[in-house]
Amino acid sequence: MVRIGVLKEPGERRLTVLTPAGAERLKGQAEILVQRDAGRSAGFTDAAYEAAGAKLVDSKEELMAASDIILSYGHHHTTGPLSGGKTFIGIFNFLWEPQHLAHYQHPGFHVHSLDLIPRSTLAQAMDVLSSVGSISGYQAVLLAAERSLATVPMITSAGGTLRPAKFLVMGAGVAGLQAIATARRLGAVVKAYDVRTASKEEVQSLGATFIEVEGSVDDQSAGGYATEQSEAFLQRVRERIHEEAAQADVVITTARIPGKKAPLLLTEEMVMGMKPGAVVVDIAAATGGNCALTEPDRTVMRNEVTILGPTSIESSCAHSTSFLLSNNYVAFIEYMLKHGEELETDPILSSTLVVKDGRSVNERVLALQAAAN
Ligand code: NAD
């Protein structure tokens, strides 16, 4: 039976990609090995993994050597040599960090990166980006509310009435929509902007106002993602956002374009025009940020405005994120075990396959590398 190993994520990344319930689901299809303490900081004990039929392994090296399929969230490079066929499954972000590819270019190594899962109905259960996006949008609102000097809902008390906070959400994809929904539940008045006009109805259905700017380019072939816009259009957007940001108590930015630097939506000048005490949470920080002043994982204060750029905000809700990711990973693994022979022809397996037998094979990754050279 195939042996699947689950690595413990390092440092502040408190989540795991396979929960005990996930291990239980794979029982009978695979032997599950779990690095000791892999789930501990997400609230899953070693005893729970053992009860689900998994075997605990003491070290990362031992786990990697003993597994055929190695599961992780990010990269875990080993110092020691690994032999035999190994399939690495993770969220490896090669479109943004192709330099990591070199570590997998060994005969017998295969790599599937789940951030490349196509946004199709068939692959919906495996959509790790939606899982991470949902939690990130939710968590960004809580972070902003906690840092804000004002309350979010309207509160009427003996001392008077506190008006509801004004939120501006930029990028209304999975994370942005979850941010809007969460802010609305807290009682905020929300405005949102996205370059995809298709998001207007979704924004409005959550009770937020959609900010319209004429002249965006929608590309239907982009698989639901945004495409790069002209500089003239982006300038018009900035002028409009400048006015909106000046009114906002909180700005949450989530705009991204796969494989590209995140678009600059909030300039330094706009931040200088914001109210003292306002908060910006830029969850595009890991790919360059939407705010000119964002510094990844640092708190920046400018003109009494707080700018936060968390790069792994999903880790702070580790239990919930792990629950969602584990379901995504199990769905992918079950699919792979069933369709493994069609590695290069199946749409889901071929889209996620980045390294095959040590060779870089993914069209999207290769195209980006070619463009960079
Ligand atoms: P994402 O994380 O790549 O980007 C976040 C948002 O930023 C997107 O809505 C994008 O349009 C927006 N954006 C990009 N450039 C911008 C700019 N200059 N100004 C303002 N906004 C900008 O996207 P995502 O959240 O992962 O999802 C993108 C789309 O895919 C959404 O329509 C979503 O509903 C869809 N989706 C489909 C499926 C499925 O069919 N299975 C699953 C998940 C998401």
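The values are calculated or read from the model by the stated rules, or taken from the named source; none is laboratory data. Please read all numbers here as calculations on a predicted model, not as lab measurements. Backbone-built Cβ (ideal geometry, glycine too); neighbour counts: all protein chains shown.
Below, the figures for the structure above:
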read-out: Matching residues, the range 165-196, being aliphatic (A, V, I, L, M), more than 13 Å from the ligand (Cβ to nearest atom) and not in a helix (DSSP H, G or I); value: Ala165, Ala188, Val189, Val190
read-out: In the range 101-129, residue surrounded by the fewest Cβ atoms within 10 Å (Cβ to Cβ) [restricted to those that are within 13 Å of Asn362 (Cβ to Cβ) and either without any contact (Cβ under 8 Å) to a residue 40 or more places away in the chain or small (Gly, Ala, Ser) (or both)]; value: Asp115
read-out: Single unsatisfied condition, Pro296 versus (1) in the same structural domain as Gly259 (by TED's automatic domain parsing); (2) over 30 Å from Gln105 (Cβ atoms); value: (2)
read-out: Scope the range 273-296; condition within 18 Å of Asp249 (Cβ to Cβ) and of a type in the set (Gly, Ala, Ser); matching residues; value: Gly273, Gly277, Ala278
read-out: Qualifying residue in the range 197-204 (condition: touching a residue at least 40 places away in the same chain (Cβ under 8 Å) and assigned by TED's automatic domain parsing to the domain that holds Ala232); value: no
